[in-house]
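Structure first, commentary second.
The values are calculated or read from the model by the stated rules, or taken from the named source; none is laboratory data. In this text the structure is predicted, and so the values were computed from the model without any measurement. Neighbour counts are summed over all protein chains in view; Cβ atoms, including those assigned to glycine, are modelled from backbone coordinates with ideal geometry. Side chains are part of the model used for accessible areas, which takes the heavy atoms of the whole protein and leaves out ligands, DNA and RNA. Shrake-Rupley method; radii C 1.70, N 1.55, O 1.52, S 1.80 Å.
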Amino acid sequence: MTSENVLVEWLTQCWLWLTQNWLHIVIPLLVFLAAYVVGLWVRRAAYRAFNRWAARGRWEGSKLVIETTRGAFLHWFLILGAFLAIHASGLSAPTKVLADKILATLFVVSLTWVVASLSEKVLRLYIAQVEPLQPLERLLVNIARAAIAVVGALMLLDIWGAPTTPVILVLAAGVLVAALAFRDLLANLLSGFQLVQGEQLKVGDFIKLGSGESGYVAEVTWRNTKIRGLDGNLILVPNNRLVQSTIINYGRPLKKASKPFRFYTRLCLKELTGLKARNLKELLALLREVPESVIYFHTHHFLEQHHYLIPEPANDFALWVSDELGEETLGEKLASIDTFEFPTIDALRARIEGVISDYLAQNPDGRAVSEGREFHFIKSISFVLPTPYVAHDLREFVEVLRQISLNSLNYHVFEARLRLRKGVNDFSAWIEDCLGDRDLAEKLAYLDPYNYTLEGLRSAIIQLIEKRIK
Amino acid sequence: MQSEIRLKSKPRLEDYEPIVSKSCIEELRALARKLSGKVVQIINSTFIGGGVSEILGHMVPLFNQLGVDARWDVIRGDETFFEVTKKFHNALHGEKEKISPQDFALFREVTKQHLEELSFYGDIFFIQDPQPVGLVAKKKEVGRNWVWRCHIDISKPDKRVWNFIRQFVLDYDAAVFSAPNFAQRLPVRQFMITPSIDPLSDKNREIDQNTVDSVLTKYGLTSNKPMVVQISRFDRLKDPLGVLEAFEIVKKAVDCQLVLAGGTAADDPESEEVLEEVRRRANGNRDIHVLLVPPESDLEINALQRAATVIIQKSLKEGFGLTISEALWKGKPVVASAVGGIPLQVKNALTGLLCYSVEGAAYHLKRLLTNPEYASWLGQNGKEHVRQNFLVTNQIKDLLLMFLAIGLPGKSSDVVHL
C-alpha cells in the first residue's frame with residue numbers, strides 16, 4: 001500500500017468518526033466559546049460598574065485592582081469554559097477528573113499570582129503613606145508574598161490529594177514561635193501604625209506624657225516615637241508604651257517669640273565680710289558702707305532658705321533687731337518694709353537706713369548684744385549658669401517652668417529685677433519684648449513674688465500663662 | 001608618708017535625685033564641668049574617725065562621680081605631734097591648754113617633714129584644719145589656689161595659738177568657716193560653708209520599723225511612753241546632767257521616758273567619769289535609760305532617733321553640731337541650746353525650739369510632748385530645712401563654687417557669669 005492510500009484511508013475514517021460523533025465536539029466547543037463570550041461580557045459590565053464606583057473616589061486602590069485582575073479575569077472564564085466543555089464532552093470519567101485537577105491547578109496558580117501581585121501593590125500604596133513603616137516595606141511585602149504562596153501551595157496539595165494537616169500544624173507552630181519571639185516588636189509596630197493611622201500624633205505636635213516627659217514629636221519610627229525635650233534631649237518612647245500611656249497632645253506650637261527665652265540658673269556662695277555689729281549704731285554705720293550684695297543677701301536669704309515655709313519672710317535685719325537686740329518695735333518696722341516696692345538695692349538700703357535712723361533719733365541709748373550674738377554681714381556671690389532649657393513660645397515656657405530648679409526661678413524673678421537692675425523680672429520682659437503680649441507681661445510684672453513661697457510663685461506664674469494660652 | 005585613700009563603694013549621684021531633685025544634681029554637674037581638668041588635692045591628718053574624715057569619705061566619691069578629680073591625702077605624724085595638735089585644737093576652741101615653745105617648734109619641724117614627704121600635684125589645694133595648715137609653705141613653689149578649711153569654732157581662741165596658726169593662714173587664698181561667728185578677721189577671703197550630713201549613710205538613711213523595733217529591744221526599750229532622746233558623747237559640754245534635770249521637771253507633768261545614748265572617747269578620760277555620774281543620778285528611775293553605744297553604731301543611732309518623740313541637744317558649747325541636722329532629717333521635733341552652729345540649723349519656732357537654760361529646755365519639751373501636731377509641724381519644717389541647706393549635695397555645691405571663686409582672675413564681681 002502506497003502512502004497516498006494510507007492517508008486517504010485515515011481521512012476516510014476520520015470523516016466517518018466525525019459524522020458519527022460531531023455532537024461530542026461541537027457542543028463542548030460551543031460551551032467553551034459561550035463561556036469566553038460571557039466572560040468578555042461579564043468583565044466589561046463588572047469593570048464598568050467598578051470604574052464608576054472607583055471614579056467616586058471610594059477607594060484609592062481601585063485602579064490597582066483593575067490593572068491587576070483585568071487580564072486574569074478572562075483567563076478564569078477560559079478555565080471555567082474549559083471545565084464546562086470537558087464535562088459536556090464524552091470523555092471518560094477518569095480523564096475528566098484528571099482534567100478537573102489540571103484546570104483547578106491552573107486556576108489556583110493564576111489566583112495566587114493575582115492575589116500576591118495585588119497584595120504587594122496595595123501594601124506599597126499604604127506603606128508609602130505611613131512613614132514609620134517605610135523602612136519595613138520590603139520585609140512586609142515579602143511576608144505577604146510568602147503567606148499567599150503558602151496558602152496557594154496548600155490549596156494545590158489539597159487538589160492533588162496530598163495531606164495538608166501536618167504542614168498547617170508546622171506552619172502554625174512556626175508562626176506562633178515567631179510571634180512570641182517578636183511580640184514586643186510586633187506590639188510596637190502595631191502601636192506605631194495605630195498612632196499614625198489614628199492621627200493621634202503628628203510630627204511637630206507638642207505632647208506631654210502621663211509619666212511627665214514632654215516635648216515635640218520629632219519622628220515616629222516603627223519601633224519608637226522620638227520626642228525632642230525642651231532641654232534639647234531626645235527621648236525615645238517605645239510605641240507600645242506610648243499607646244498605653246496618657247498623652248496630652250497640645251498640637252502645633254503657639255506663636256513663636258522673636259527671640260527664644262534661655263533659662264539660666266544661679267547658685268550662691270556666702271562670703272564672710274568679717275564685719276559685725278553689736279548694736280544699732282554699728283549696724284547703721286556698716287549698712288551704709290557694705291556692698292549691695294550684702295544688702296541683697298540679708299533681704300533675700302531668709303526667703304531662699306525658708307522658701308517652703310513662709311511667704312514674705314522678714315529680712316535678717318528685722319530678725320536680729322527683734323530676736324537679739326529685743327527692739328521689737330523697730331524689728332516690726334523693718335520687717336514691714338516691702339522689698340517689692342524698691343526698684344534698686346540702693347533704694348531699699350536707703351529705706352532700711354531711714355527706718356533705723358528715725359528709731360535711733362528717738363531711742364539713742366540702744367542696747368548691745370553679748371559676744372557671740374552680733375550681726376554678721378555676709379555677702380552673696382551669685383554664679384549664673386545657662387541651663388539646657390529654652391522656650392520659643394508660651395507653651396514651651398510653661399513646661400520648662402515646671403521643670404526648672406527654684407534657683408532658676410529665683411534668678412529670673414528676684415535677682416534679675418533687683419540685683420541686675422532690670423527693674424522687671426525676666427519673664428515679663430521677654431513676654432512683652434519677644435511675644436508682644438503686653439497684657440500678660442504686665443500681669444506678671446505686678447505679681448508680687450514676695451507674697452508667695454517659691455513653689456507658690458511657680459504655680460502662680462504657670463496659672464497666669466496657662467489662662468492666657470487657653 | 002603619703003597615703004592616697006582608696007574609697008569603698010558609695011552611693012551613686014543619681015541616688016540623691018529623689019531626695020534633692022533632679023535639677024539640683026543637674027546644676028552640680030554643670031558646675032563640675034567648669035572645673036574639668038583641675039585636680040583638687042585634699043589634705044587632712046586622718047582618714048579614719050572624726051567628723052572631717054567622715055564628711056570627706058562621703059564627698060570625695062561624689063566629687064569623682066561629678067567628674068571633678070578630687071584626691072585625698074593624709075599627713076602622718078607620731079603620737080607627740082598629734083598630742084601637740086590636739087592641744088592646739090582645744091586651745092583654738094577656747095580651752096586652757098599648757099602649750100610650750102617646744103610644742104610650736106615640734107609643729108614646725110613635723111610640718112617641714114610633711115613638706116618633704118608629700119607630693120603636691122593639685123591645681124587646688126584644700127587643707128583641712130590646723131594639723132596640715134603649714135603645708136601652705138609650698139605655695140611659692142607649686143602655685144596659687146590654696147584654701148584652708150577650719151572646722152573648729154575659733155570665735156574665742158587662745159590668742160597665742162591662733163596667732164601662730166594665723167601666720168600660715170595669711171598665705172592662703174581663702175579660708176572656709178562653718179558659721180559666721182566661727183570666723184576671725186583676716187585679710188584673706190573667707191567663705192561660709194556649713195558642714196553636711198549624707199542622707200544615704202547608715203546614720204541617716206530611711207530604715208523600716210522592724211529595724212527600729214529590734215534596736216529598741218536590744219537596749220531594753222519600749223515605745224509605750226513618749227521618748228525624749230539625746231544622742232551625744234558623755235561629755236560635760238553636752239550637759240547630760242542638765243538634760244536629766246529638765247527631764248525631771250517634765251516628768252511631773254507628762255509621763256515620758258528619757259534616753260541618753262552615746263559613747264565615751266578614749267582620748268577623754270573625763271567621759272567615763274561623766275557617764276558614771278549620769279548613771280548615779282539616774283539610778284532608780286526606770287524611765288531614764290543611759291545607753292553606752294559602741295563606736296560605728298550608726299544604724300542604731302539612726303533607729304534611736306527615729307524612735308524618739310522629741311530629740312534634745314542641750315549642749316553648753318558646740319561646734320557646728322551636725323547631730324541637730326541628723327535629728328531634723330528624721331522629721332523629729334528638736335529642742336536645742338542656742339550655741340555654736342545650732343541656731344543655723346534650728347530657727348526658733350520654725351524648725352525647732354531653742355533653749356538657754358534647764359527650765360527653758362523643760363518648758364519646750366512639755367510643749368512638744370503635749371502638742372503632737374505642733375511637734376510634727378516643726379519636725380517636717382526641720383527636715384525641709386536640712387534638705388535645703390545641710391545635705392552633702394549642698395556642701396558639694398558650695399565647695400565647687402568656692403573652687404571656682406578662688407580661680408577667678410583679679411577682683412571678681414559679685415555676680416559671676418560662668
Just to confirm my numbers, what's the Cα centroid distance between segment B:273-309 and segment B:318-371 in Å? 19
Scan around residue B:416 for amide H atoms under 5 Å from its own, H built in the peptide plane at 1.01 Å from N, and keep only partners 5 or more places away or cross-chain. A:382, A:383, A:384
Tilt relative to chain A, helix A:137-159 - C-alpha long axis, 0 to 90 degrees, to 10: 30
Chain B: relative contact order as a whole-number percent, Cα under 8 Å and 6+ apart: 15
Relative contact order for segment A:199-251: what percent, with Cα pairs under 8 Å and sequence separation of 6 or more? 37
Taking segment B:185-309, how much of its Cα-Cα pair set, in percent, is spaced more than 18 angstrom apart? 58
Between the residues B:355, B:377, B:234, the Cα farthest towards the positive end of the dipole of segment B:209-389, that dipole coming from +1 and -1 charges on the beta-carbon of Lys, Arg, Asp and Glu, is from B:377
For peptide B:346-355, the mean count of other chain Cβ atoms within 10 Å per residue Cβ is 2
May I ask which residue of A:345, A:386, A:362 lies farthest towards the positive end of the charge dipole of chain A, with charges of +1 (Lys, Arg) and -1 (Asp, Glu) on Cβ and the Cα centre as origin? A:386
Could you give each residue of segment A:345-361 its phi-based ³J(HN,Hα) in whole Hz, using Karplus coefficients 6.51, -1.76, 1.60 with θ = phi - 60°, and x for Gly or Pro? 5, 5, 5, 5, 4, 4, 5, 5, 4, x, 5, 5, 4, 4, 5, 5, 4
Size of electric dipole in the protein assembly as shown: Cβ of Lys, Arg +1 and of Asp, Glu -1, about Cα centre, debye, nearest 20: 2800
Within segment A:366-458, DSSP-loop GluC sites (Glu not before Pro) with at most 11 other C-beta atoms within 10 Å are A:371
Out of B:108, B:185, B:387, a Gaussian network model of chain B with alpha-carbon springs under 10 Å gives the largest mean-square fluctuation to B:185
Could you sort out which of A:270/A:333; B:38/B:159; B:38/B:397 sit more than 25 Å apart by Cα distance in this structure? A:270/A:333; B:38/B:159
So the compactness index of segment A:3-181, its C-alpha Rg divided by 2.2 N^0.38 Å, takes the value 1.47
Each residue of A:382-390 has, on average, a number of other protein chain C-beta atoms within 10 Å of its C-beta equal to 5
Nearest 5 percent is fine: what portion of the DSSP beta bridges confined to chain A is antiparallel? 100
Heavy atoms only, probe 1.4 angstrom, no DNA, RNA or ligands counted: give me A:31, B:212 ranked by accessible area, highest first. A:31, B:212
Cα principal axis extents for segment A:272-380, largest first, Å: 35, 27, 27
Calculate one ³J(HN,Hα) per residue across segment B:190-197 by plugging θ = phi - 60° into the Karplus curve 6.51 cos²θ - 1.76 cosθ + 1.60, and present them in order as whole Hz with x for glycine and proline. 10, 10, 9, 10, 7, x, 8, 10
Toy charge model, Lys and Arg Cβ at +1, Asp and Glu Cβ at -1: segment B:127-185 dipole around Cα centroid in debye, rounded to 20, equals 180
In the Gaussian network model of chain B, springs joining C-alpha atoms below 10 Å, which of B:340, B:284, B:67 carries the largest mean-square fluctuation? B:284
Separation of segment A:136-190 and segment B:28-70 by C-alpha centroid, Å? 62
Listed by chain and number, the lysines with an alpha carbon less than 20 angstrom from that of residue B:156, same-chain partners under 8 positions apart left out, are A:276, B:86, B:87, B:96, B:98, B:238, B:317
With all protein chains present and a 1.4 Å probe, the order of B:86, B:347 from largest accessible area down is B:86, B:347
Considering only B:100, B:214, B:119, give the residue with the highest GNM mean-square fluctuation for chain B, with springs between Cα atoms whenever their separation is below 10 Å. B:100
Cα-centred dipole magnitude for segment B:209-389, charges only on beta-carbon of K, R (+1) and D, E (-1), debye, nearest 20: 660
I need the calculated FRET efficiency for the pair residue A:226 and residue A:442, taking r as the beta carbon distance and R₀ as 45 Å, to the nearest 0.05. 0.70
In degrees from 0 to 90, rounded to the nearest 10, what is the angle of the helix B:209-218 Cα long axis to the longest principal axis of chain B? 80
Accessible area (Å², 1.4 Å probe, nearest 10) - residue B:417: 120
Cα centroid of segment A:9-41 to Cα centroid of segment A:427-445, whole Å: 95
Using the beta-carbon distance between residue A:202 and residue A:101 and R0 = 60 Å, what value does 1/(1 + (r/R0)^6) give for FRET efficiency, to the nearest 0.05? 0.65
Restricted to Cα positions, what overall size does chain A have along the principal axes? Three whole-Å values, descending. 162, 45, 34
Starting from the Kirkwood Rh over alpha-carbon pairs, what translational D in µm² s⁻¹ does segment A:199-251 have by Stokes-Einstein at 20 °C and 1.002 mPa s? 201
Suppose we keep just the DSSP beta bridges with both residues in the protein assembly as shown; what percent of those would be antiparallel, to 5? 45
Mean projected area, convex hull of alpha-carbon positions in segment B:31-128, reported to one decimal in nm², is 7.3
Per-residue HN-Hα couplings for segment B:275-287, Karplus 6.51 cos²θ - 1.76 cosθ + 1.60 at θ = phi - 60°, whole Hz, x for Gly and Pro? 4, 4, 4, 5, 4, 4, 5, 7, 3, x, 8, 6, 9
Listed by chain and number, the residues whose amide H is under 5 Å from that of residue B:39, excluding neighbours fewer than 5 places away on the same chain and using placed H, are B:123, B:124
On a 0 to 90 degree scale, rounded to 10, what angle separates helix A:454-469 from the longest Cα axis of chain A? 50
On a 1.4 Å probe surface of the protein chains, which of B:218, A:333, B:314, A:270 comes out largest in accessible area, and what is the full order? B:218, A:333, A:270, B:314
State whether segment A:403-470 is rounded, prolate or oblate according to the following rule on the C-alpha gyration tensor (a ≥ b ≥ c being the square roots of its eigenvalues): a/c under 1.5 gives rounded; otherwise a/b larger than b/c gives prolate, and the remaining case gives oblate. oblate
Placed amide H near residue B:355: partners under 5 Å, 5+ positions off or other chain: B:336, B:337, B:338
Along the charge dipole of chain A, which of A:12, A:317, A:176 sits closest to the positive end, that is, farthest toward it, with unit charges on the beta carbon of Lys, Arg, Asp and Glu (+1, +1, -1, -1)? A:12
